[in-house]
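Read through the structure below, which is laid out as structure tokens, and then see the notes.
The values are calculated or read from the model by the stated rules, or taken from the named source; none is laboratory data. Since the structure is predicted, the reported quantities are computational estimates derived from the model, not experimental observations. Note: ideal-geometry Cβ built from the backbone for every residue, glycine included; neighbour counts use all protein chains shown.
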Amino acid sequence: MCGVFGIFGGPGEVNAASLTYMGLYALQHRGQESAGMAVSDGDSLQLHKEMGLTANVFDEEIINRLPGSLAIGHVRYSTTGESSIINAQPLLAHCSKGAVALAHNGNLTNAQELRRELELGGSVFQTTTDSEVVINLIARFGKDDLQTATIRAAKRLRGSYALVILARDKLIGLRDPLGIRPLCLGRLADGAAGRTKAYILASESCALSNLGAEFLREVEPGEMVVIDQAGLRSIKFASRRRQAFCVFEYIYFARPDTFLAGKNVHEVRKAIGAVLAGEAPVEADVVIPAPDSGTSAAMGFAAATGIPFEIGLIKNRYVGRTFIQPAQEARELGVRIKLNPVESVIRGRRVVVIDDSIVRGTTSATMVRLLREAGAREVHLYIASPPYLHPCYYGIDTSQAGELVAATHTPAEIRDLVGADTLHYLSLQGLLRAVGTPGQKLCAACFNGKYPVPVQQEVNLPEASLA
Ligand code: SF4
């Protein structure tokens, strides 16, 4: 899970660096390890990236040093490759097509095989990310223009990718044939005339609304959009056999104000909460969310049951999302720092807590303990997704099955492990009903083990060069 952003404006129409900065701000929840952008002034590309949050990586002086009306940006959460500056994106390469920058959200399941092949052909790698394979593949088609080379490269890729690519005078966006990760297209209009000032690509529509841009549509699975002075062109580089949009985007990753496949994430999460309430009725005094990703589902649960909705846990917003920090110690420490109970809501009450998921179980156990310490009479843990049983190989940092508590414990054991009075998971059927998208258009592999793209085991080996 990373966030990507791209903007193409006519010369002098927009300050691409400052709009990319705002776009990355809106996508910050998708990755907090590093942030970066590459900007073109029409002649050359300039790059700035560092470890840390967007606000720490960029300031006014840096933005002012990045003039131009074309840019791409990236916020990173590592899935392959260590969490270090060498793996921060965008990646910038100089090849027969001039300077080319690339930012990637997703995970290539054949990255290691491709990297071996490229290395044998003489390619040199400077990072340990799978994304560098893509830029090397593009560079390898030396006689083709960027557009053709990108299509030829895309045909070699397996796994998930939402890519934004920047050249001196061109912005390209593409999505893998299954559409596992999201990418949408928007337009920034001149207020008075409605003339298009810039086209924007972003992982989530919340980055468009942040800029006052209009949502046009999603980039389709297997589609590449090319934006240059001639306008916007769409090219289908892969036929659509089936789709496999990540259902977890609805459950956890995406921001509630985002629209995915025409559905508002907040509304989907409320529907999930209502279905969950119907599947396992409970007698309780108050419904509280695990902040903040359980909020929408808890609202739906409370509305369906008539049990009052309250805020019972306060999140310190200055601590990152625990799930996406890579080291276990950081996760545990993060949970303790970030959560505080509201005692007046909790004391003496039978409390229903709605959480989006249980991946490792760390957060749930700490949360239940905090609620008991605050005087909860009963704690009923309701999970707005099915048991997370299988590792994700398409861009989520849960690639070791042993880390998934549901893969090695029954729900009853997990209930005891986290210290709740009861524990209820949403059924997969209930999830699909709430999302309202046919199952064959979604990836739900972490719940049902049905991987839409064959997975190479070596992507998971710690000693692998891409680990
Ligand atoms: S395995 Fe799960 S988290 Fe990974 S892409 Fe599929 S639904 Fe999303």
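State whether the residues of the stretch 402-410 include one that is outside any helix (DSSP H, G or I), in contact with a Ser or Thr (Cβ under 8 Å, 6 or more places away or on another chain) and buried (at least 17 other Cβ atoms within 10 Å of the Cβ). Talk me through it step by step, then tell me what you get.
From the stretch 402-410, those outside any helix (DSSP H, G or I) are 404, 409-410; that's our starting set.
Going one step further and asking which of them are in contact with a Ser or Thr (Cβ under 8 Å, 6 or more places away or on another chain), we end up with 404.
Of the ones still in play, those that are also buried (at least 17 other Cβ atoms within 10 Å of the Cβ) are 404.
Yes: one or more hits.
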Exercise for the section: Restrict the check to the stretch 259-267 and report whether at least one residue is surrounded by fewer than 21 Cβ atoms within 10 Å (Cβ to Cβ), in contact with a Ser or Thr (Cβ under 9 Å, 6 or more places away or on another chain) and in a loop (DSSP other than H, G, I, E, B). Expected result: yes
Practice task
For residues that are away from the ligand (no atom under 16 Å from the Cβ), among the hydrophobic types (A, V, I, L, M, F, W, C) and in a loop (DSSP other than H, G, I, E, B), scanning just the stretch 345-399, find the one that is surrounded by the most Cβ atoms within 10 Å (Cβ to Cβ).
Solution key: Ala376
Completion exercise
Log entry, pairs with first residue in the stretch 375-392 being under 12 Å from Leu428 (Cα atoms), second being among the acidic types (Asp, Glu) and not in a strand (DSSP E or B), beta carbons closer than 6 Å, six or more apart or on different chains, reads Ala384/Asp356
Completion exercise
Being within 16 Å of the ligand (Cβ to nearest atom) and modelled with pLDDT of 95 or more narrows Leu260, Leu276 down to just Leu260
Exercise for the section: Just need a number here: residues in the stretch 419-459 that are near the ligand (Cβ under 10 Å from one of its atoms) and free of Cβ contacts under 8 Å to residues at least 24 places away in the same chain. Expected result: 1
Handout entry: Hey, Asn56 in contact with a Ser or Thr (Cβ under 6 Å, 6 or more places away or on another chain) and either in contact (Cβ under 8 Å) with a residue 12 or more places away in the chain or not in a strand (DSSP E or B) (or both) or not
Key = no
Completion exercise
A careful count of residues in the stretch 281-309 that are crowded, with 23+ Cβ neighbours inside 10 Å and outside any loop (DSSP other than H, G, I, E, B) gives 9
